[in-house]
Each structure stands twice: as structure tokens, then as C-alpha cells.
2 protein chains.
Amino acid sequence: MSARETESAQDTGSVTNTGSYPGSLSTSDTCHVILLAHGSSDPHWKETFEALARPSCDANPKAVVGYMELCEPSLEQQIVRLKKEGANCIKVVPLFLARGRHLRKDVPEMLERYRKEHGISLILTPPIGEHPALAQSIKAIVDDTLKAP
Amino acid sequence: MSARETESAQDTGSVTNTGSYPGSLSTSDTCHVILLAHGSSDPHWKETFEALARPSCDANPKAVVGYMELCEPSLEQQIVRLKKEGANCIKVVPLFLARGRHLRKDVPEMLERYRKEHGISLILTPPIGEHPALAQSIKAIVDDTLKAP
């Protein structure tokens, strides 16, 4: 076990960065989901992400949206809220198509900080763009687009 | 008709920026699709977008991927290629979740320039994130994530 892993194991919570869809997530009965969006000062941006998350959140009270920056509720506000509601583990699902610098560096650093500050397990899943369901829905959109009158 | 509309009507091609899914696209039998991705110097980024586009392109020879910057084939290279193959109209489907500055300003300006240079109709569709299929696939991903062992 590396020094970093030892340090993490001694803390209250933990941060896990899962490698790939599907399957390798660990969970518990009290695990919740935060759909992580980037955020923007443009109000239409937030509307789009709220619409993207609506079916997930309507169907599941354990799923909420949080923003990295420029919009509220922030990722940290949602972590605090879910912990108060009894979550002991939160899976953070990035509403990003691919891993740029934010997902390779910034978000893992944010989660490491929040884990220490709030004492809760935080699991970063792959971005939605790496899930096979996304590629299939894009195919449906392309089919629609080519067939449109 | 405004001066700008008059000018466009006199050119060979045209650029149409469709407002919302679904429905309002105009098309023809020789319309093709370019799935427009942003591009990055990180090779993993391109792999993700190629995987996202694969079901669309495998199922449909009229669909190809093109990149705004930093990756090839570029959007312009694909426009030239499809025109040579007989396309008289290309729908550009942004592999973006929401409209930031790129989709509000940069891409429309690029398409206006390419339309004039290459004499072909270019139709900018809404980003995939505004299509209801995306929200449904995100719900499936959240369901998977919450159920994962």
C-alpha cells in the first residue's frame, strides 16, 4: 500500500475514481448520485442540464444535480445536503462527454478535499460519454436527423 | 427580407441554424451528417468521440465525424470530402451537451465561411444534449450507477 493509500485508508471517507463502464463501482444501500455539470453564467446552459437530468431526478430521489462552478447548487452544497439526508456514500456522475483537464485533475482534487472536509465516501464514475448508452442515443439522433423532412 | 438574408439568398449555399429538437430540419435525398466534436491534443479524447460516433457511422455511410480544432479530420476536411462524394446538403450535429460560446458564435461563423468557400448548404442542428434521447440515456446510466454492486 502506498503512502497515499495508507493516508486515505485512515481518513473517515474515501475517494474512488472508477476506471470504466460498466461494472466496477462499489456501492451501499445509502449511496446517492450527484450529476455533475460544469456550469456557466448563461442561464440557458443551466436549463439544458436541468432538462438533461430531469428524467433521472424525477425517477429517483437519490439523484440530484450539482455544478462545478458558476451555477448553484454547487457540487459541495449538494454533498453537504445529501450527507444531512443520511447518505454515507455519493457517486459523482460527470455530465461530460469526455475526460478533459477538469475530469483528469480538477474534479478529483475537489472530491479529495470535500471527502476530508465532510467525512463522506465520494466515488467518481466515468463521464456519461464513456457509457455505451450515450453512443446508442447519438445513433438515434443521427437517424432522426437524416430522416427529418 | 434583411440585407443579410438577401445576401444569403443570392449565394450558392445556405446556412440554417435550427432552433430546437425535434422536427424543424429541412433536408434532401443527398443530405449527409457530420458529427461535430470539439477536439483535443489528448489522444484519449478523440478515442472517446470516435466510440460515441461509431454506432451512428457503422449504421449509416452518410454520417462522419469532424473536429472543430486540434484533431483530424477537421470539419472543413469532411465538408470537402462529402461534397466530392455528391452531398449537396450537410447537417452538422454538434456532439456537445449544451450551447456555449462555440455553438452560439464560433461554429455558426465557421459554417458561414465554409458555405461561401465551398458552395454547399450547411444546416447546424441543436447540440445532442437538447435531444430528449440524451436525457433518457442519462436516466439509464443513473439507474445502472445506483444499482451497481
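The values are calculated or read from the model by the stated rules, or taken from the named source; none is laboratory data. In this text, all values refer to a predicted model and were calculated from it rather than measured experimentally. When we count neighbours, we look across all protein chains shown, and the Cβ atoms used for this are built from the backbone with ideal geometry, even at glycine. These accessible areas exclude ligands, DNA and RNA; they are computed on the full protein's heavy atoms, side chains included. Shrake-Rupley method; radii C 1.70, N 1.55, O 1.52, S 1.80 Å.
Annotations for the structure displayed:
- The set of residues in the stretch A:53-74 that are buried (at least 20 other Cβ atoms within 10 Å of the Cβ) and among the polar types (S, T, N, Q) contains only A:S56.
- Tabulated pairs, the stretch A:128-149, first touching a residue at least 60 places away in the same chain (Cβ under 8 Å), second surrounded by 23 or more Cβ atoms within 10 Å (Cβ to Cβ), C-beta under 7 angstrom, 6+ apart or interchain: A:E130/B:T48; A:H131/B:I141
- Residue, most open to solvent (accessible area, probe 1.4 Å), within the stretch A:75-113, restricted to residues that are modelled with pLDDT of 95 or more, over 19 Å from A:P126 (Cβ atoms) and not basic (K, R): A:Q77
- Verdict on B:L36 being at pLDDT 90 or above, more than 7 Å from every other protein chain (Cβ to nearest Cβ), open to solvent by less than 40 Å² (accessible area, probe 1.4 Å) and not in a loop (DSSP other than H, G, I, E, B): yes
- The conditions of being part of a helix (DSSP H, G or I), more than 7 Å from every other protein chain (Cβ to nearest Cβ), open to solvent by 40 Å² or more (accessible area, probe 1.4 Å) and more than 26 Å from A:K91 (Cβ to Cβ) are met by B:E50.
- Of the numbered criteria (1) at pLDDT 95 or above; (2) farther than 30 Å from B:R104 by Cα; (3) touching a helix residue (DSSP H, G or I) at 6+ places or on another chain (Cβ under 7 Å), the one A:G13 fails is (1).
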